[in-house]
Amino acid sequence: ASGDPLGAGSTASGDSKTLVVGSQDYYSNEIIAEIYAQALEANGVTVDRQFRIGQREVYLPEITGGKIDVFPEYTGSLLQALDKKAAGGTADETYAELKKTLPSGLSVLDQAAATDQNSWTVTQAFAKKYNLTDIASLKKVTEPITVGGNSELETRPYGPTALKEKYGIETAGFKPVEDGGGPLTVKALVQGDIQLANIYTASPNIKSDNLVALTDPDGLFFPDNVVPVVSKKVDDKTAAVLNKVSAALSAENLVSLNSESVNDQKSAKAIAADWLKQAALF
Amino acid sequence: MNWVWANLDLIRDRTLDHLILSVPPIILSFVIALPLGWLANRYRLSRGVILTVSGLLYAIPSFPMFIVLPALVGTTLRSPLNLVIALTIYGVALMVRVVADGLASVDADVQRSAVAVGFSTWTNFWQVELPLSGPVLLAGLRVVAVSTVSLATVGAVIGAQSLGSLFTDGFQRGIQAEIITGIVATVLLALLLDGALVAVGRLALPWTRARKSVRAAARLRLPVEVTP
Amino acid sequence: MNIFGDALNWIIDPANYSGPGAIPMRLLEHLGFTFLTLLVASAIAIPFGFVIGHTGRGRGLAVTTSGGLRAIPTLGLLTLVALWIGIGLGAPYVALTVLAIPPILAGAYTGFEAIDRGAIDAARAVGMSEVQILTQVEIPLGLPLLIGGLRSAALQVVATATLAAYVADFGLGRYLFSGLKTRDYAQMLGGSILVILLALALEGIFATIQRVVVPRGVASTRLLVDRARPARPRPGMEPAITKGNP
Amino acid sequence: MIEFRSVSKQFPDGTLAVDDFSLTIPSHRTTVLVGSSGSGKTTLLRMINRMVDPTAGTIEIDGVDIASLEPVKLRRSIGYVMQNSGLLPHRKVVDNVATVPLLRGVPRKTARADALAMLDTVGLDRGLADRYPSQLSGGQQQRVGVARGLAVNPNILLMDEPFGAVDPIVRAELQQELVRLQSELGKTVVFVTHDVDEAFLLGDQVVILEEGGRIAQIGSPTDILAHPANDFVASFIGADRGKRALHVERHDGREVLVDSDGRLAGVLVGDAAPGQVGVPR
Amino acid sequence: MIEFRSVSKQFPDGTLAVDDFSLTIPSHRTTVLVGSSGSGKTTLLRMINRMVDPTAGTIEIDGVDIASLEPVKLRRSIGYVMQNSGLLPHRKVVDNVATVPLLRGVPRKTARADALAMLDTVGLDRGLADRYPSQLSGGQQQRVGVARGLAVNPNILLMDEPFGAVDPIVRAELQQELVRLQSELGKTVVFVTHDVDEAFLLGDQVVILEEGGRIAQIGSPTDILAHPANDFVASFIGADRGKRALHVERHDGREVLVDSDGRLAGVLVGDAAPGQVGVPR
Ligand SMILES: Nc1ncnc2c1ncn2[C@@H]1O[C@H](COP(=O)(O)OP(=O)(O)OP(=O)(O)O)[C@@H](O)[C@H]1O
Ligand SMILES: Nc1ncnc2c1ncn2[C@@H]1O[C@H](COP(=O)(O)OP(=O)(O)OP(=O)(O)O)[C@@H](O)[C@H]1O
Ligand SMILES: [Mg+2]
Ligand SMILES: [Mg+2]
């Protein structure tokens, strides 16, 4: 088992009456997990919060190992992580494929309308200059385009190579910025160090920094709808609670939740509580 | 400052996490380095080998260390134990040389007289060599404490909660106050542990204070004036 | 451990020795970065160390400051500075310079402090000016410990310079990050091994320099002392009698 | 009685420090080994408590071959005082004195009480008991060293240039103190020095050593001074430098004694009783 | 001639090391300042080459107030020898001796040649020239220190307990060597020691100091020995310990001199000429 350094260990609790809710080491994901947790608690479930468990490579083995009972995930990304050759497609197709790909013992509940997916993003000025709307329109750009994003972007199926092969778009180089489309990437974009960046669509920076996420009519990126991944310990009654949350969580909601975190610097707990109160679900 | 007031309990929790992560490695590295340093000091051959290897451990970048270690010792990536082991390795790397130097710094005359009045090797080590190398060991331990506290923040990147979480989170959310708080709290915590070690040193090495005053006086004995 | 085998294979794979991001280029970048960082840190720390060692004043302050600097988490500083000045090598330079200062500073002032006060006093008494004392006595005698400080700074910078790849397409750290994110552990481990080899090489170089700069007379004292205490006295063993017949 | 029988010591590096040395050291007397640097004094002394084991020959204490004794135990039964006192810098004066009794398992309280009494014996104020060695003057440290050596009430006391590092005035005091102590305690003292004056003052039996522990002369101080066995001894005791050949000169109506180098040695006071001051005020 | 006129030195911390000190130091003679630790000897000495500046009073060298001289230049014209030699550990013996000439701009070759000659003068083998100080014995190091002090052919040589750290035998040799050197060179030597014997041997003029640089007595050695000015002096020179009060005892048909502590001091040789050995072979 030691061949894979990320192999699962044995830290989570096995108590049958508590559900372990986990989250990525990412503020937006934590907010969603907190919403799940508070919703569950409001319905009489005891919750053990294990938030901020690093990136997918860290927590995925723990989920598949059954150490975590509820985890907010994103359909497309999770699918690709589980199956490198996944086909993807529309949101529903992706969701359906994900359901099939999940290892036994794990299941996903209803997906939400809220999505937080990869996008090719440029500054508004840049978009105006070349009249950019969708990804294909990047072909019109006459200046060299330097791409920025996490280093793995360079080799991803939607990365610079795909731009060239699918749309014939030439890029001038790749600058790795290892913050997953975070503030450094945004800053590099705004400062003109890079012209094209991979930024999550739910990022409040798109609005606050006047960025434009180019539309993706051809489904270059997998849709990334928010979806709870759950273990067998989640019974129907509990699943209903989470499904109710997912049904209420819209794309705009997610952006504004993120904005509350980034711009108002509110804690995940407060944001989740406010949202649940507003949505008046329970 | 507003952010700090609004998040005091978060800061407190992370500080506690951080303490739990960083105190065991400090103690462990001392305990482990002791026999290794003793060996290094005692035999010429082992000295070369032990000091070179421990020096190299320090050259391992922390990132891959955290990732590879679980594969080697069979812990989970996220387990605090993993981080504790990694930090201990760095601490030992620093401390072994210090122990060797500290033991070497013990006045040969004193050791000889200890043997002459009938200390056995074992009692000589515990009652003479170890306490007398105390000041050097303490100095080394202070460096280990400070750098361990600082290094522990890297654990945040692999999901071990610590004060480092404040700057991964602050970074993602673009809250500079949070990052700065994380850095300042780390530094304060390091200085606090450092101060605690100094205090422990004062209690455990009372004679060093006595000697200091004498040395200061001895230094005064030479009339000095820096005339240009 | 087959991943270690994979890592070695990755290192010797000829494919990694050509094109952009080839191993030799990454090594050179890493080395250059380390060198420049040490240079800047030295330019800041050495003069301070000289002043502290020479006057004997401000030592407490220096100890506390370098303790504080040592405590600053490099990753935190790196991200903070990067947020201010953007991507590129600026932030890594700042963060790693801060990392390199404490050992160099400590080396500088302990180097000066360790010099026999009597020798300096005598130099002054026979008529050396303060500048001559500095250049002819303090610097040559303090150099070995100073180089020792540079040596440990170099070790830390080489290992930590991998973080530069967080915000720039730079150095051996690239292998670590892209290996980590794409779960290509052979690449990640291979990169780490390269970092360690580079550190090893630098260790060797600095150890040699350190040996060379130890003034001959001082080196021979140390030799004498070493020979005089071949081992600790043990029951039934020969005593270490320090009196040598010069 | 300590007996060296044809003892030799060759160090691993080939140095022949002691070559076929035989000597009988009588009990309850002070024997001084005196010789220049490197003559093997320390090596000889340290063979008595097995800090050094001879490569040939045997050493007996009261008829028992010490090679058959356990070194650590042997050492705990023999007092040892060395230059720079060899005190443990991290222990208070009283604890230093009590070191060996504690090692031997004497209860802490008894050991400390005995140690305090021992401070009195060597003429140290009990108020110094709670200081650390570094807080004492060199002379005081040496007294503590002697106290430690005596703390187990040993039959044998080994002293290796114990007063070599203190300044001449204090040194003279310590020598007097040792004379007084020895007259009271009557230990078997083996004392190493390279100072002839000291040897003559303290020794009942003085052994003058050449290179390699060869014995140049054994005898009482007056014997040696009056009849140096050979040129080496004469030179060593300063006879040939004229240091000990004094003559009388008259200055300002007073007789002063001058050695043959012209150095003033003192004034002649007829038959003044010991201890009486012979210099006019 | 060096003149101290009402010189005082108060250190910044308030210590009054020297209080209203006046003294004339004659040229071409050896003046020894002797006194116990902390009496201000070093402070006085270091005021002569402006290592310490007085807080009151003036010091003149041959009528020139040294306060008007540039310190670094002044120091280069005065020889200075201190305890533990103060040699530069990273320079070879010959370069240590040549230090000041080189500072003064003497060409390297000349300076080295002169330095080698100076080694002869102080009785050191030229073969040691290329060693480092740490490779010499303590006594040899002190000789190098003296050679360095003499290398600029200074009129004045300041010596601060130069032989304080070497063992008694070597010390005696060095003292003799200095006596010989001085008889040849006739420098103005100011010598600091706390050893009365040394002071009496070397000094043409001996200045006995009390705390704060107060002068207890000035005079030639015989003057002081024959007529100690007061109890302090008598005690300081050992008269009251009976060390200098010798009487004759008979041993084995020979007259030996014994001090009042019972210590053997030597044999009485009537009117033996200086340098002649008075001990029977
Ligand atoms: N730089 C200084 N600052 C304060 N006090 C000093 C300084 N230098 C010397 N003193 C004090 O001045 C007094 C005289 O010191 P000095 O060194 O001249 O004595 P000394 O006669 O040379 O003593 P020793 O025989 O121990 O060398 C002492 O009380 C000493 O403590
Ligand atoms: N451990 C050792 N290894 C090799 N040679 C040694 C050792 N100890 C002593 N010697 C040598 O043995 C000889 C005698 O040494 P010893 O220390 O007994 O002389 P000493 O008479 O005590 O001299 P000193 O007066 O300098 O203390 C010297 O030549 C010395 O260099
Ligand atoms: Mg000896
Ligand atoms: Mg002095």
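The values are calculated or read from the model by the stated rules, or taken from the named source; none is laboratory data. These numbers were taken from a predicted model, which means no experiment stands behind them. Positions of Cβ are generated from backbone atoms using ideal geometry, with glycine treated the same way; all protein chains shown enter the neighbour counts.
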Practice task
Would you be able to tell me the number of residues in segment D:1-50 that are within 12 Å of ligand 3 (Cβ to nearest atom), in a loop (DSSP other than H, G, I, E, B) and farther than 21 Å from D:Arg75 by Cβ?
Solution key: 4
Handout entry: Hey, B:Arg44 within 14 Å of chain A (Cβ to nearest Cβ) and either at pLDDT below 85 or surrounded by fewer than 23 Cβ atoms within 10 Å (Cβ to Cβ) (or both) or not
Key = no
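Is it true that some residue in segment E:247-257 is surrounded by fewer than 16 Cβ atoms within 10 Å (Cβ to Cβ) and either at pLDDT 85 or above or among the aliphatic types (A, V, I, L, M) (or both)? Break it down stepwise before answering.
Narrowing segment E:247-257 to residues surrounded by fewer than 16 Cβ atoms within 10 Å (Cβ to Cβ): E:248-250, E:252-255.
Retained after the next criterion (residues that are either at pLDDT 85 or above or among the aliphatic types (A, V, I, L, M) (or both)): E:248.
Yes, segment E:247-257 contains a residue that is surrounded by fewer than 16 Cβ atoms within 10 Å (Cβ to Cβ) and either at pLDDT 85 or above or among the aliphatic types (A, V, I, L, M) (or both).
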Problem - E:Glu70 vs. criteria more than 14 Å from chain B (Cβ to nearest Cβ) and more than 16 Å from ligand 3 (Cβ to nearest atom) - result: no
Practice task
Would you be able to say whether some residue in segment C:115-124 is outside any helix (DSSP H, G or I) and either touching a strand residue (DSSP E or B) at 6+ places or on another chain (Cβ under 6 Å) or modelled with pLDDT of 90 or more (or both)?
Solution key: no
Exercise for the section: Taking only segment D:84-97 into account, find how many residues are surrounded by fewer than 24 Cβ atoms within 10 Å (Cβ to Cβ) and in a loop (DSSP other than H, G, I, E, B). Expected result: 4
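Within segment E:27-52, how many residues turn out to be charged (D, E, K, R) and in contact with a Lys or Arg (Cβ under 8 Å, 6 or more places away or on another chain)? Working first, answer last.
Within segment E:27-52, the first condition is being charged (D, E, K, R), and the residues that meet it are E:29, E:41, E:46, E:50.
Narrowing the set further to residues that are in contact with a Lys or Arg (Cβ under 8 Å, 6 or more places away or on another chain) leaves E:50.
The total comes to 1.
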Practice task
Looking only at segment D:51-61, decide whether some residue is closer than 19 Å to D:Val81 by Cα, surrounded by 15 or more Cβ atoms within 10 Å (Cβ to Cβ), within 16 Å of ligand 2 (Cβ to nearest atom) and in contact (Cβ under 8 Å) with a residue 60 or more places away in the chain.
Solution key: no
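Which one is nearest to B:Gly174 (Cα to Cα) among residues in segment A:132-181 that are facing chain C (nearest Cβ under 10 Å) and among the acidic types (Asp, Glu)?
My answer is A:Asp179.
Report whether or not D:Ala226 is within 9 Å of chain E (Cβ to nearest Cβ) and at pLDDT below 75. Let's see the steps before the verdict.
Details: within 9 Å of chain E (Cβ to nearest Cβ): yes; at pLDDT below 75: no.
When the stated conditions are applied, D:Ala226 does not pass them.
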Completion exercise
All conditions in (1) surrounded by fewer than 21 Cβ atoms within 10 Å (Cβ to Cβ); (2) within 21 Å of B:Val144 (Cβ to Cβ) are true of C:Ile104 except (1)
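Only one of these is within 13 Å of chain D (Cβ to nearest Cβ), of a type in the set (Gly, Ala, Ser) and away from ligand 4 (no atom under 16 Å from the Cβ): E:Ala199, E:Ala245, E:Ala216, E:Ala165. Name it.
Values: E:Ala199 fails: away from ligand 4 (no atom under 16 Å from the Cβ); E:Ala216 fails: within 13 Å of chain D (Cβ to nearest Cβ); E:Ala165 fails: away from ligand 4 (no atom under 16 Å from the Cβ).
Selected residue: E:Ala245, the only one of E:Ala199, E:Ala245, E:Ala216, E:Ala165 that is within 13 Å of chain D (Cβ to nearest Cβ), of a type in the set (Gly, Ala, Ser) and away from ligand 4 (no atom under 16 Å from the Cβ).
Residue-wise test of (1) away from ligand 3 (no atom under 16 Å from the Cβ); (2) closer than 24 Å to D:Arg5 by Cα; (3) surrounded by fewer than 18 Cβ atoms within 10 Å (Cβ to Cβ).
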| residue | (1), (2), (3) |
| --- | --- |
| D:Pro162 | no, no, no |
| D:Leu174 | yes, no, no |
| D:Leu185 | yes, no, yes |
| D:Ile215 | yes, yes, yes |
| D:Ile218 | yes, yes, yes |
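Could you check segment B:63-80 and list, in sequence order, the residues that are assigned to a helix (DSSP H, G or I) and under 25 Å from C:Ala164 (Cα atoms)?
If we filter segment B:63-80 for residues that are assigned to a helix (DSSP H, G or I), which is where we start, we get B:63-73, B:80.
Hits for segment B:63-80 are B:Phe63, B:Pro64, B:Met65, B:Phe66, B:Ile67, B:Val68, B:Leu69, B:Pro70.
Mind listing whichever residues of segment E:24-47 are within 10 Å of ligand 4 (Cβ to nearest atom), hydrophobic (A, V, I, L, M, F, W, C) and more than 17 Å from E:Glu60 (Cα to Cα)? Spell out the reasoning first.
Step one: list which residues in segment E:24-47 are within 10 Å of ligand 4 (Cβ to nearest atom), which gives E:33, E:35, E:37-46.
From what's left, hydrophobic (A, V, I, L, M, F, W, C): E:33, E:44-45.
If the condition is that a residue be within 10 Å of ligand 4 (Cβ to nearest atom), hydrophobic (A, V, I, L, M, F, W, C) and more than 17 Å from E:Glu60 (Cα to Cα), then E:Leu33 is the only one that fits.
Okay, residues lined up against (1) outside any loop (DSSP other than H, G, I, E, B); (2) surrounded by fewer than 19 Cβ atoms within 10 Å (Cβ to Cβ); (3) away from chain E (no Cβ under 14 Å):
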{"site": "C:Ala62", "(1), (2), (3)": "yes, no, yes"}
{"site": "C:Trp84", "(1), (2), (3)": "yes, yes, yes"}
{"site": "C:Ala91", "(1), (2), (3)": "yes, no, yes"}
{"site": "C:Thr97", "(1), (2), (3)": "yes, no, yes"}
{"site": "C:Gly111", "(1), (2), (3)": "yes, no, no"}
{"site": "C:Val137", "(1), (2), (3)": "yes, no, no"}
Completion exercise
Flagged pairs (Cβ under 7 angstrom, 6 or more apart or on separate chains; first in segment E:21-40, within 14 Å of E:Ile208 (Cα to Cα) and of a type outside the set (S, T, N, Q); second part of a loop (DSSP other than H, G, I, E, B) and near ligand 4 (Cβ under 9 Å from one of its atoms)) are E:Val34/E:His194; E:Gly35/E:His194
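Could you go through segment B:81-102 and let me know if any residue there is within 14 Å of chain D (Cβ to nearest Cβ), part of a helix (DSSP H, G or I) and either in contact (Cβ under 8 Å) with a residue 60 or more places away in the chain or not acidic (Asp, Glu) (or both). Before the answer, list the steps.
If we filter segment B:81-102 for residues that are within 14 Å of chain D (Cβ to nearest Cβ), which is where we start, we get B:102.
Retained after the next criterion (residues that are part of a helix (DSSP H, G or I)): B:102.
Right, trim to either in contact (Cβ under 8 Å) with a residue 60 or more places away in the chain or not acidic (Asp, Glu) (or both) and you get B:102.
Yes: segment B:81-102 contains one or more residues that are within 14 Å of chain D (Cβ to nearest Cβ), part of a helix (DSSP H, G or I) and either in contact (Cβ under 8 Å) with a residue 60 or more places away in the chain or not acidic (Asp, Glu) (or both).
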Problem - For C:Arg57: the one exception among (1) within 14 Å of chain E (Cβ to nearest Cβ); (2) in a loop (DSSP other than H, G, I, E, B); (3) surrounded by 21 or more Cβ atoms within 10 Å (Cβ to Cβ) - result: (3)
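Of the residues D:Thr42, D:Thr99, D:Thr31, which is within 9 Å of another protein chain (Cβ to nearest Cβ) and within 16 Å of ligand 2 (Cβ to nearest atom)?
Working: D:Thr99 fails: within 16 Å of ligand 2 (Cβ to nearest atom); D:Thr31 fails: within 9 Å of another protein chain (Cβ to nearest Cβ).
Exactly one of D:Thr42, D:Thr99, D:Thr31 is within 9 Å of another protein chain (Cβ to nearest Cβ) and within 16 Å of ligand 2 (Cβ to nearest atom), namely D:Thr42.
Do we have E:Asp95 as of a type outside the set (Val, Ile, Thr), touching a Pro at 6+ places or on another chain (Cβ under 7 Å) and at pLDDT 90 or above here? Full working, then the answer.
Values: of a type outside the set (Val, Ile, Thr): yes; touching a Pro at 6+ places or on another chain (Cβ under 7 Å): no; at pLDDT 90 or above: yes.
In short, no.
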Exercise for the section: Would you be able to say whether some residue in segment E:75-83 is in the same structural domain as E:Gln141 (by TED's automatic domain parsing), among the basic types (Lys, Arg) and either part of a helix (DSSP H, G or I) or in contact with a Ser or Thr (Cβ under 8 Å, 6 or more places away or on another chain) (or both)? Expected result: yes
Practice task
Please work out if B:Ala190 is in a helix (DSSP H, G or I) and either among the aliphatic types (A, V, I, L, M) or more than 7 Å from every other protein chain (Cβ to nearest Cβ) (or both).
Solution key: yes
Fill in the blank from the handout: So the strands (runs of 3 or more DSSP E) completely within segment A:65-184 holding 2 or more residues that are at pLDDT below 90 and touching a strand residue (DSSP E or B) at 6+ places or on another chain (Cβ under 9 Å) are A:173-176
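Does A:Lys85 meet the test of being surrounded by fewer than 24 Cβ atoms within 10 Å (Cβ to Cβ) and under 17 Å from A:Asp224 (Cβ atoms)? Give the steps one after another, and end with the answer.
On the way: surrounded by fewer than 24 Cβ atoms within 10 Å (Cβ to Cβ): yes; under 17 Å from A:Asp224 (Cβ atoms): no.
No.
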Handout entry: Verdict on B:Ala40 being part of a helix (DSSP H, G or I) and of a type in the set (A, V, I, L, M)
Key = yes
